[in-house]
Amino acid sequence: MPPYSQFPNKTNGDKDYSPVKTLIPNKPNETLCSSCGLCHIRTWPVKESFESCVFENGWLSGEAQLFGRSRSLSDEKGNQDELRFGIYKKRFIARMKKPVAESQWSGIITSIATKALSSGLIEGVVTLHRSKADFFFPEPVLATNLEDIQKAKGNKPVISPVLKSLETAYEKGFKKLLVIGASCHIHVLRDFQKRHPYLRDIEIYTVGIPCVDNIKPKNLRWILSKISHNHQTVNHYEFMQDFTVHLKHHDGELEKVPYFSLPQELTQTDVFAPSCLSCFDYFNSLSDITVGYAGAPLVGNEKLQWVFLRTEKGEALLNLIETELEIFPEVSGGNRKEAVKEGIKAFINRLHSDKIESGRKIPIWAGMLLAKLFQKIGVKGVEFARYSVDYHLIRNYFFVKKNYPEKLKSLIPPNVYVILKEYGFENEKSS
């Protein structure tokens, strides 16, 4: 990958993708939109696409239709994971025996897509390629050959219009598709296919990516410039289970920045897209199969992934690569409760403060010591995933309550209120 400075500064008319020195804040109460791509389609009326918007219909509204029931709302042991992660047939830790080169992890999603296409199970894959404007920026694509699938490898950490490619599939008369997307994409797709006739005759398989806190493209380089010592050469970054941000550079360098030493500017709610701060399905629970890493242990360079098999279609996708997987037992350790509570208290203070802090509270060397300590005594494996889900669901509840109070009733699913009660916020439902 060339350094960012070699990318053109101007693309798409007057849009400037060069690094900005100050963050352009999100407008208060701007319309919630994850730019899923469905409203970009002009083959059918835009108003029909809008009818399936998850921010109008609410999260998990299609769960009962997909599974024949809604998830258990009990927080007792044995049910607490369905409450958080959604309904599933089984889950496990895995990696490809022969990892796919240059994939984000070991390449499970890329391998599923490759086998699904080459076996004839599908005719095309609705996914994303990288924009020529910036390595991280996404471009929707309908991949119909193995080369196009390989080009889709790796994450694009900004809100992405992946569903735009459904238009091409519809116009070409495709009957079998694989859609790879975040939870907002999958929710909108499920509702649209049920509500309108255009995609009803297409057999659609879905691979869900656990997704949280994506960024508007205009903010990405500013954020990377605050985190990395050289944002121009970063070609991958991820918030990892070892309490550090991993930034990979095009020359192979792996830079680690501890959470505790992130610049304070990045803790402001203006950094992330409001749609992501109003998301209540971190683990993509309406997908046929979900592939992520939050509950997998971080062991060296093993690139372990966490898989949720949810439906019969998910089973058909898993069967394509099952013999090529190594399976590992889950691990879990620590207690998430106090960490979640402290994180939420800090967020609430920031949410209601007009003061914008800058700089690092503690230097990176001290933050690394804290990160190593938390790796030993903090949450691990499945408990880390529970911590992450609980924190983001509660945080997003308070964000919606402050900025979109009129949507509290329609947007937030019942499981969130159970988790609020678990942490002592039970009165928030009526307040």
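The values are calculated or read from the model by the stated rules, or taken from the named source; none is laboratory data. As the structure is a computational prediction, the values presented were derived from the model and not from experiment. Quick reminder, even Gly has a Cβ in these numbers, built from the backbone with ideal geometry, and neighbours come from all protein chains shown. SASA here: full protein model, heavy atoms, side chains in, ligands and nucleic acids out. Shrake-Rupley method; radii C 1.70, N 1.55, O 1.52, S 1.80 Å.
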Residue ID - farthest from Val207 (Cα to Cα), chosen from residues in the stretch 105-119 that are of a type in the set (S, T, N, Q) and in a helix (DSSP H, G or I): Ser118
Neighbours by Cβ (under 7 Å, 6+ apart or cross-chain): first from the stretch 318-342, within 19 Å of Gln375 (Cβ to Cβ); second open to solvent by less than 70 Å² (accessible area, probe 1.4 Å) and among the charged types (D, E, K, R): Ser332/Glu383; Gly333/Glu383; Gly334/Glu383; Arg336/Glu383; Arg336/Arg386; Arg336/Asp390; Val340/Asp390
Residue match in the stretch 370-378 (condition: open to solvent by 10 Å² or more (accessible area, probe 1.4 Å) and more than 29 Å from Leu420 (Cα to Cα)): yes
Pair list, Cβ < 7 Å and 6+ apart or interchain, from the stretch 211-222 residues that are basic (Lys, Arg) to residues that are open to solvent by less than 10 Å² (accessible area, probe 1.4 Å): Lys216/Val158; Lys216/Ala273
Qualifying residue in the stretch 303-318 (condition: modelled with pLDDT under 90, within 22 Å of the chain's Cα centre (by Cα) and closer than 30 Å to Lys98 by Cα): yes
Ser106, sole failed condition from (1) within 17 Å of Ile289 (Cα to Cα); (2) of a type in the set (Ser, Thr, Tyr); (3) open to solvent by 20 Å² or more (accessible area, probe 1.4 Å): (3)
Residue in the stretch 85-95 that is at pLDDT 95 or above, part of a loop (DSSP other than H, G, I, E, B), within 29 Å of Thr43 (Cβ to Cβ) and of a type in the set (A, V, I, L, M) present: no
Test: residue in the stretch 322-331 that is over 21 Å from Pro258 (Cβ atoms), at pLDDT 90 or above and open to solvent by less than 30 Å² (accessible area, probe 1.4 Å): yes
